[in-house]
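Structure record follows, encoded as structure tokens.
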Amino acid sequence: MNVWVEAARPRTLPAAIVPVLVGTAAAARPVAELDWVRAGLALLVALALQVAVNYANDLFDGLKGVDTEARTGPRRAVASGLASPAGMRNAMIGALAVAAVAGLVLAVLVGWELLLVGLVAMLAALGYSGGRRPYASRGLGEVSVFVFFGLVATVGSQYVQDETVGVLAVVAAVPVGAIATALLVINNLRDIPTDELAGKRTLAVRLGERRTVHLFVGLLWSGIVFAPLLAFSMQEGGPLLAVLAFPFAGRATGIVHAAAPSAQPDGEALADRQRGPAMIAALGATARYQLAFGVLLAAGLAMGGT
């Protein structure tokens, strides 16, 4: 696989795609009247920011020695020597530039208030793992993901269509953000041993393995509450389509419970050599669930807007 594609972490990209799909579908207009240029620009901004975050994380964790040979997750480009720090820095700047240009065009079409939102999102992308006090190392990464890849991206995608904030988009943003956050939680759950050694105090490190597993399961299954709530709010059954994605959530939950020793009543789990691949499989299952849930929820919301 191309090193830059690998470093972009394709499995995490549904976190950028899903909120745009759901937010666009939550717009208060028929699907035929949606502005697809605005939707496309919103998607480009979200994807570029997600890639920029991934590149920044690869760069800064590599420079700080957080990513070591003991890490069991997918390889990191800088830490493994596949990419130089300068090359990764340029790639990160390039991704941010794409987001900035697309965001500027969107601001011209919609309103200049979007520039402020975009600026805050870019600073958040850099501050996640960069700077003297990266907030991911202070247990705030999950909050940031929920806010920016849940509330901001979902409501923002609806806003660029309607130029107003809609209640439906706000409610839909909660499960979207929760599942995106679950994607980060599973990453941090896998990395607890190496993050502890590196002094990276993620939320998973602070909570410990058992409580992190509980957090992951709670975030993953948030759709059980919010899909019916959205259906009730719309007086339409469309959002209930999202429940068809639950088998993916069940798959991810099962893998995590099998892989995490403290999640088992008897303390038995997979051997250490199997845990890394199992957690990577759980990440893939979570990403598939996120995409399936988002597509089905967006379809259900769109049905109500036709």
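Every number here is computed from the coordinates shown, using simple stated rules; none is lab data. The model shown is predicted, which means the values in this text are computed figures rather than measured ones. Cβ sites come from the backbone with ideal geometry, for glycine too, and all protein chains shown count toward neighbours.
Paramagnetic label reach from ALA299 (point 7 Å along Cα→Cβ; backbone nitrogen cut-off under 19 Å): within the range 11-49, residues 14-15, 17-27, 31-32.
Exposure proxy for VAL295, VAL152: other Cβ atoms within 10 Å of each Cβ, ordered fewest to most, give VAL295, VAL152. Approximating the spin labels as points 7 Å out from Cα along Cα→Cβ, the LEU104-to-LEU82 distance works out to 3.2 nm. About its Cα centre, the dipole of the chain is roughly 640 debye, where the only charges are +1 on Lys and Arg Cβ and -1 on Asp and Glu Cβ. The label point for TRP112 and the one for HIS214, both projected 7 Å from the Cα toward the Cβ, are 5.0 nm apart. Across the options ALA83, ALA52, ALA32, the greatest Cα extent toward the positive end of the charge dipole of the range 1-135 (unit charges at beta carbon of Lys, Arg, Asp, Glu) belongs to ALA83. Of the complete DSSP H runs in the chain, those spanning 24 angstrom or more by Cα along the long axis with a mean Kyte-Doolittle score not below -1.0 are 36-64, 85-109, 167-190, 272-305.
Rounded to the nearest 500, the 222 nm mean residue ellipticity of the chain from helices alone is -22500 deg cm²/dmol, with -39,500 (n - 2.57) taken per DSSP H run of at least 4 residues. Under conditions of 10 °C and 1.306 mPa s, the range 124-189 yields 127 µm² s⁻¹ as its translational diffusion coefficient, taking Rh as the Kirkwood radius over Cα pairs in the Stokes-Einstein equation. Listed from fewest to most Cβ neighbours within 10 Å, the set MET88, MET122 follows the order MET122, MET88. Three semi-axes describe the equivalent ellipsoid of the chain; taken as square roots of 5 times the Cα gyration tensor eigenvalues and ordered largest first, they are 31, 25, 14 Å.
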